[in-house]
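Visitor: One structure follows; several queries about it will come next.
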Amino acid sequence: MTIESQQLTGADEVEDPILEIKNASVTYDGGDTHVLNDVTFSIERDEIVGVVGESGSGKSMLASAMLDAIPAPGRLSGEILYHPDEDTTIDVLNLSDEELRSYRWADVSMVFQGAMSSFNPTMKVGSHFKDTLRAHDEDVSEGMDFARQLLSDLYLDPERVLDSYPHELSGGMQQRALIALSMLLEPEVLVMDEPTAALDLLMQRSILMLLEDLKEKYEVTMVFITHDLPLVASLADRMAVLYAFELVEAGPRDQIIGQSGHPYTRALLNSTPNIDAPLEDMKPIPGKSPAPVNVPDGCSYADRCPLASEECTAFDPEFQLIEDEHSVACHHWEQARAEIALNFAGADEIGVSKGGDSR
Amino acid sequence: MGNYYIRRTARVFATVFIVTSLTFGLIRLLPGGPFTQLRVRLLRQGVPASEVDARIANLQNIQPDAPLWRQYIDYMLSAMQGDFGESISLGKPVAQVVAEAVPWTVFIVLVSTVLIFLFGILLGAIQAYWEGSRFDKAISALSISLMSIPFYVIAVLALFILAYQFQWFPTAGTHGTDVEPGLTLEFLVSALEHAALPIFSYTIGGIGGQALAMRGNSIQVLGNDYVEVARLRGLADRRIATWYVARNAILPLYTGFLLLLGFRLGGTVILEQIFSYPGLGYYLWSALESNDYPLMMGTFLVITVALVIGVYIADLTYSKIDPRISQGESDAY
Amino acid sequence: MPTEAEKQENVNWRSASSESPEVTLRDRLSEYFEERIRKPALVAWSDGRTRIGLLIMSVYIAMAFVAVFDLYRAPSTNQAPRLETAFQSLDYPLGTTMSGVDLLSLIIHSTPDVLLMIIAGGLWATVIAVIIGTLAGYKGGMVDRVLMSFSDVMMAIPGLPLVIILAVTFNPKNPIVLGILINVNYWAGLGRSLRSQVLTIREDNYVEASRTMGMSTPRILLKDVIPNLMPYVTVNFVFAARYVVFASIGLFFLGVLPFSTQNWGVTLNYAYSGGALFTWQAAHWLIFPMIAIMGISLSLILLGQGMDRVFNPRVRTRLAGESESTAEEGDSRTTEVL
């Protein structure tokens, strides 16, 4: 890949973005409380992008922002641009109510955390599919055929699932049914907010595999939002890390895992249980992430960061491109790479490769 | 789950059986015993002393001098056949008195309870929709005030002001004495006129509680993810309001409806007394006053059976209506 | 309820720690006071409904004191001119009855018995319900089945008619007995819902832990289970008390209950049968007892609502079974939004 994007401020550049998020901020209480702070990020067509953040880092807000669906008193500012194809641009935040209604679910769809709570408990699963089709003026019988196809792609028995009430299905079945529901209108982008959080490990893995298959079959762009870094690392092409309502690092998966430049990303990597690393090397991150009120000047990670200097508390670090496609918001990213060692094998060399699969 | 239905049905019979036995026991505890009053009355009527016992046996299906277990079996057997003996004060079979009284009481209780739920659900839903608004606060305050007024206070006030002072409504009876019961317009109007105040006073106080319950349920449902997801799925507001919010908010109220129906049947003792409205409660009270034990037990048993059946229906149908509940684990209470 | 719970804390300390008892005891008591009494009390006080409810209740308590210590004349016939309307004279501010009784003194001297009655009825209903509900829910099996069948039968008997028949049979005169009689089967429904709460509590981790540690059933019930039911029980105590007010006064008004105790219902009954319905002249005779009734039930409802808010910030889910997944996700959701 040749170095095409030389400007250092544009940060994250992709060739054919399907969704561009520019300077997105979400505020509550008339601007006093920031739950998403000036996030700029693009999603490339047909990729799987993993967004990682602890709970309370603003990752659900980022997900809702992509559908312009911030919960009630919250205010979303900035720009969300959607490109159905390379030459068309839709400004999502300026859509009329009716346009927004058809944009959601049909263009950009979403899977929430906790499938159980996403279904109306007193309605059969099938009715949810029909309701959605009717709301978007789709042909119901054709749509239901597609629904059955989706459900069997997800290894579910379509007739049984459609004729069940949500509580009659197991957690994993509900989650897959919800994924099918979100794919019903063949969206271009599927945003998933902790889609596997409530499931056991085995089920998480199998859902990830199914998602990869779905992506190949239906050519959908996926945004996978989670707190579980290793989980998404096995799936994503590119990754982004959120800390305290801000994007701190974004780049190709191997770069993020093997050569991350932000002290927080590196700490996060070191804090996750790892077979290669001895237990004593596993380090939890000391301190707490800041509350959404009164975001301090300077880097919000400064008070937990071992490398923090005066510069860090005085100036907000720019989100800068450090090598192709890899951006970091840190004054000391080079120092971080040098001084904070990663505790797993193969790190800081060429990046870890996903078992046999080289993209 | 057929097993559950059998067990549940058996429990209905068991309950009725126990309550019937209980009434038998209570009669024995009554001051002076069950037959003293009757014996005195019959003697006063000039029945020869030698025939009194036979007459009593005839009237109450019980041999006064038989052993207790024998009396108990006789009592239970005749009660099972719907034969509660003859009313002492009215000189009519208890079954006949009850049969005449039941429709009026059921009419009052059913209409007022339905009204309570209609108004309560409507008010509560509107409140939840505009949660925190001035309307919401005003209605909440009103609901709480209404809950603190016993229905008989409203009844007495309504009777005092609307019936006695302004004479807009009759003060007693189920229909005008000059009107022949039948399917005539005249009769219907008269019956409605007589029922208006009892229904009104039995409705007003209950609305507050239901409105608060509906408001709470709706607000809870509105906070659920599936409502937000439905919005994202592009569903029309009306579809969401009815099938996603109202349905889930009203369902838990359903068992409450049937239970309240049965419960309020008992309250008619006070209500019908105030309006001199000859229904079940009215006869229960007047039976007590005139020591008419057969009538007292008959009306008491009928009210009990109505409540038992109400709970039974609630139990059996709730799982059909709310899919989240499977049979056997429903807590109708 | 606080004293009972304080005793438990005491017991726990004695058996559990032997090293520095004084400090532990004081710490535990003060922590207990902080967590279970002071904080809830502050939250309760911050709610307007609780404040108004307490205010109204204190008026009734004051009236009870006045009556008990005879600070205001007792009602007796011909102590005043007959049927004087309200606000005419300072001597008889609320007017007088047909038989020349001061209405204000009637209302004041009814208060102690009414309060006794509602406390007795409320305690009866809640204590029996807690015993039956926790035993059935925790023991399960045969005990559970027997107790619940018993509750079901009790629940199926219509309250008011049953009370009427019992009242005629036993002719109770003591206000405490009356209160119990009126709630004779009120506990049944409450016991059943407590049982289903116990069923969920007993599966909680800390109860599991206590069981594994070999703690005896009575101690687990006292230490882990009942404290968790207390909020719900307290709220229901208030509602049971309100039911006593409604039912007792209604029955006094009907004339079912013996007139040996003073009660606003009795006053209402006399007014009703004394012809107050037919003339505006006697309206005060009906209206002031009514106000007394509504005041105390309003205060009880407000207290109930206020406490409900303190104890369950979220409306308690009626269906206990579906809460398994909501706990985890509810957590992360709230922090996320904040």
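Visitor: Only one residue in A:F112, A:F129 is within 14 Å of chain C (Cβ to nearest Cβ) and aromatic (F, W, Y), so which one is that?
Guide: Working: A:F129 fails: within 14 Å of chain C (Cβ to nearest Cβ).
The unique qualifying residue is A:F112.
Visitor: Related question: Do you know which residues across the stretch C:285-302 are hydrophobic (A, V, I, L, M, F, W, C) and farther than 10 Å from C:F239 by Cβ?
Guide: The first filter runs over the stretch C:285-302 and keeps only residues hydrophobic (A, V, I, L, M, F, W, C), leaving C:285-288, C:290-294, C:296, C:298, C:300-302.
Within the stretch C:285-302, C:W285, C:L286, C:I287, C:F288, C:M290, C:I291, C:A292, C:I293, C:M294, C:I296, C:L298, C:L302 meet the criteria.
Visitor: In the stretch C:125-148, how many residues are modelled with pLDDT of 90 or more and among the charged types (D, E, K, R)?
Guide: Count: 0.
Visitor: On to the next question. So which pairs qualify, if the first residue must be in the stretch A:123-134 and within 18 Å of B:V245 (Cβ to Cβ), the second must be outside any helix (DSSP H, G or I) and basic (K, R), the Cβ gap must be under 8 Å, and the two must be at least 6 apart or on different chains?
Guide: These pairs meet every condition: A:H128/B:R233; A:D131/B:R233; A:T132/B:R233.
Visitor: Out of the helices (runs of 4 or more DSSP H) lying entirely within the stretch B:145-257, which hold 3 or more residues that are more than 10 Å from every other protein chain (Cβ to nearest Cβ) and over 22 Å from B:A125 (Cα atoms)? Can you show your working first?
Guide: Working: elements: B:151-158, B:185-222, B:225-232.
Passing ranges, in order: B:185-222.
Visitor: Against the conditions (1) at pLDDT 85 or above; (2) more than 10 Å from chain C (Cβ to nearest Cβ); (3) not in a loop (DSSP other than H, G, I, E, B), where does B:P294 fall short? Just the number, please.
Guide: Against the list (1) at pLDDT 85 or above; (2) more than 10 Å from chain C (Cβ to nearest Cβ); (3) not in a loop (DSSP other than H, G, I, E, B), B:P294 comes up short only on (1).
Visitor: Follow-up. Return the residues of the stretch A:25-80 that are over 22 Å from A:E99 (Cα atoms), in a helix (DSSP H, G or I) and under 13 Å from the mean Cα position of the chain (by Cα); say none if nothing qualifies.
Guide: Within the stretch A:25-80, A:K59, A:S60 qualify.
Visitor: Next up: Among the residues of the stretch A:83-140, which ones are part of a loop (DSSP other than H, G, I, E, B) and among the charged types (D, E, K, R)?
Guide: Scanning the stretch A:83-140 gives A:D85, A:E86, A:D87, A:D107, A:K124, A:D137, A:E138, A:D139.
Visitor: Does at least one position in the stretch B:270-282 carry a residue that is modelled with pLDDT under 85 and in contact with a helix residue (DSSP H, G or I) (Cβ under 9 Å, 6 or more places away or on another chain)? Break it down into steps so the answer makes sense when it comes.
Guide: Applying the first criterion (modelled with pLDDT under 85) to the stretch B:270-282 yields none.
No, the stretch B:270-282 has no match at all.
To keep it simple, each residue is scored yes or no on (1) more than 27 Å from A:T40 (Cα to Cα); (2) in contact (Cβ under 8 Å) with a residue 40 or more places away in the chain; (3) crowded, with 24+ Cβ neighbours inside 10 Å; (4) not polar (S, T, N, Q).
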site: A:D157; (1), (2), (3), (4): yes, no, no, yes
site: A:S164; (1), (2), (3), (4): yes, yes, no, no
site: A:A198; (1), (2), (3), (4): yes, yes, no, yes
site: A:V223; (1), (2), (3), (4): no, yes, yes, yes
site: A:P230; (1), (2), (3), (4): no, yes, no, yes
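Visitor: Give the residues of the stretch C:132-184 that are more than 8 Å from every other protein chain (Cβ to nearest Cβ) and at positive phi, sorted by residue number.
Guide: C:G140, C:G141
Visitor: Report the residue count in the stretch B:135-144 for those that are among the small types (G, A, S) and either crowded, with 19+ Cβ neighbours inside 10 Å or part of a loop (DSSP other than H, G, I, E, B) (or both).
Guide: Of the stretch B:135-144, the ones among the small types (G, A, S) are B:138, B:140-141, B:143.
Keeping just the survivors that are either crowded, with 19+ Cβ neighbours inside 10 Å or part of a loop (DSSP other than H, G, I, E, B) (or both) gives B:140, B:143.
Count: 2.
Visitor: Taking the residues in the stretch A:21-69 that are away from chain C (no Cβ under 14 Å) and small (G, A, S) as candidates, determine which candidate is surrounded by the fewest Cβ atoms within 10 Å (Cβ to Cβ).
Guide: Only one residue tops the list, namely A:G30.
Visitor: Report, ordered by the first and then the second residue, all pairs with beta carbons closer than 6 Å, sequence separation of six or more or different chains, a first member in the stretch A:13-26 that is on the phi > 0 side of the Ramachandran plot, and a second member that is surrounded by fewer than 24 Cβ atoms within 10 Å (Cβ to Cβ).
Guide: A:N23/A:D38; A:N23/A:T40; A:N23/A:G78
Visitor: Please go through the stretch C:279-320 and pick out each residue that is at pLDDT below 55 and more than 7 Å from every other protein chain (Cβ to nearest Cβ).
Guide: In the first step, residues of the stretch C:279-320 are kept if they are at pLDDT below 55; the result is C:313-320.
Residues satisfying the conditions are C:P313, C:R314, C:R316, C:T317, C:A320.
Visitor: If you don't mind, there's one more thing I want to ask. Within the set of pairs 6+ apart or on separate chains, which have a first residue in the stretch A:296-319 that is free of Cβ contacts under 8 Å to residues at least 12 places away in the same chain, a second that is assigned to a loop (DSSP other than H, G, I, E, B) and surrounded by fewer than 18 Cβ atoms within 10 Å (Cβ to Cβ), and C-beta atoms under 7 Å apart?
Guide: Once the first residue is free of Cβ contacts under 8 Å to residues at least 12 places away in the same chain and sits in the stretch A:296-319, its partners that are assigned to a loop (DSSP other than H, G, I, E, B) and surrounded by fewer than 18 Cβ atoms within 10 Å (Cβ to Cβ) give A:A302/A:A308.
Visitor: Can you name the number of the only condition in (1) over 24 Å from A:E99 (Cα atoms); (2) touching a Lys or Arg at 6+ places or on another chain (Cβ under 7 Å); (3) within 14 Å of chain B (Cβ to nearest Cβ) that A:A135 fails?
Guide: With (1) over 24 Å from A:E99 (Cα atoms); (2) touching a Lys or Arg at 6+ places or on another chain (Cβ under 7 Å); (3) within 14 Å of chain B (Cβ to nearest Cβ) applied to A:A135, the lone miss is (1).
Visitor: Taking the condition of being under 15 Å from B:F151 (Cα atoms), more than 10 Å from chain B (Cβ to nearest Cβ) and surrounded by 24 or more Cβ atoms within 10 Å (Cβ to Cβ), how many residues in the stretch C:230-278 meet it?
Guide: 3
Visitor: Please indicate, with yes or no, whether at least one residue in the stretch C:93-109 is surrounded by fewer than 19 Cβ atoms within 10 Å (Cβ to Cβ) and among the aliphatic types (A, V, I, L, M). Give the derivation first.
Guide: Within the stretch C:93-109, the subset surrounded by fewer than 19 Cβ atoms within 10 Å (Cβ to Cβ) is C:93, C:98-100.
Pick out the ones that are also among the aliphatic types (A, V, I, L, M) and you get C:98.
Yes, there is a match, as at least one residue in the stretch C:93-109 is surrounded by fewer than 19 Cβ atoms within 10 Å (Cβ to Cβ) and among the aliphatic types (A, V, I, L, M).
Visitor: Quick one: would you say C:R14 is of a type in the set (K, R) and either modelled with pLDDT of 70 or more or under 30 Å from C:V114 (Cβ atoms) (or both)?
Guide: Numbers: of a type in the set (K, R): yes; either modelled with pLDDT of 70 or more or under 30 Å from C:V114 (Cβ atoms) (or both): no.
Taking the combined requirement at face value, the residue does not satisfy it.
Visitor: Among what's in the stretch C:120-166 and is among the small types (G, A, S) and surrounded by fewer than 20 Cβ atoms within 10 Å (Cβ to Cβ), pick the residue that is nearest to B:T304 (Cα to Cα).
Guide: Start the filter on the stretch C:120-166 by keeping residues that are among the small types (G, A, S), which leaves C:120-122, C:125, C:129, C:133, C:136-137, C:140-141, C:149, C:151, C:156, C:159.
Adding the requirement that they be surrounded by fewer than 20 Cβ atoms within 10 Å (Cβ to Cβ) leaves C:140-141, C:149.
Numbers: C:G140: 29, C:G141: 29, C:S149: 16 Å.
Among them, the one singled out is C:S149.
Visitor: Related question: State whether one or more residues within the stretch B:88-98 are assigned to a loop (DSSP other than H, G, I, E, B), buried (at least 17 other Cβ atoms within 10 Å of the Cβ), within 23 Å of the chain's Cα centre (by Cα) and modelled with pLDDT under 85.
Guide: Scanning the stretch B:88-98, I find no residue that is assigned to a loop (DSSP other than H, G, I, E, B), buried (at least 17 other Cβ atoms within 10 Å of the Cβ), within 23 Å of the chain's Cα centre (by Cα) and modelled with pLDDT under 85, so the answer is no.
Visitor: Also, quick follow-up: Does the stretch C:185-214 hold any residues that are within 11 Å of chain B (Cβ to nearest Cβ) and either at pLDDT below 80 or more than 30 Å from C:L162 (Cα to Cα) (or both), and which are they?
Guide: C:L199
Visitor: Let me ask something additional. Residue under question is A:L185, and the condition is that it be more than 17 Å from the chain's Cα centre (by Cα), of a type outside the set (F, W, Y) and away from every other protein chain (no Cβ under 13 Å); does it hold? Give the derivation first.
Guide: Working: more than 17 Å from the chain's Cα centre (by Cα): yes; of a type outside the set (F, W, Y): yes; away from every other protein chain (no Cβ under 13 Å): no.
The answer is no for A:L185.
Visitor: A follow-up question, please. For B:A287, state whether it is farther than 30 Å from A:H167 by Cβ, part of a helix (DSSP H, G or I) and over 16 Å from the mean Cα position of the chain (by Cα).
Guide: Working: farther than 30 Å from A:H167 by Cβ: yes; part of a helix (DSSP H, G or I): yes; over 16 Å from the mean Cα position of the chain (by Cα): yes.
In short, yes.
Visitor: So which residues in the stretch C:108-146 are among the hydrophobic types (A, V, I, L, M, F, W, C), within 23 Å of C:N174 (Cα to Cα) and out of contact with any Leu (no Cβ under 7 Å at 6 or more places or on another chain), if there are any at all?
Guide: Within the stretch C:108-146, C:I108, C:V114, C:L115, C:L116, C:I118, C:I119, C:A120, C:L123, C:W124, C:V127, C:I128 meet the criteria.
Visitor: Next up: Out of everything in the stretch B:268-284 that is surrounded by 24 or more Cβ atoms within 10 Å (Cβ to Cβ) and among the small types (G, A, S), what residue ends up being farthest from the chain's Cα centre (by Cα)?
Guide: The residue in question is B:G279.
The values are calculated or read from the model by the stated rules, or taken from the named source; none is laboratory data. Since the structure is predicted, the reported quantities are computational estimates derived from the model, not experimental observations. Heads up, the Cβs are rebuilt from the backbone with ideal geometry, glycines too, and the neighbour counts pull from every protein chain shown.
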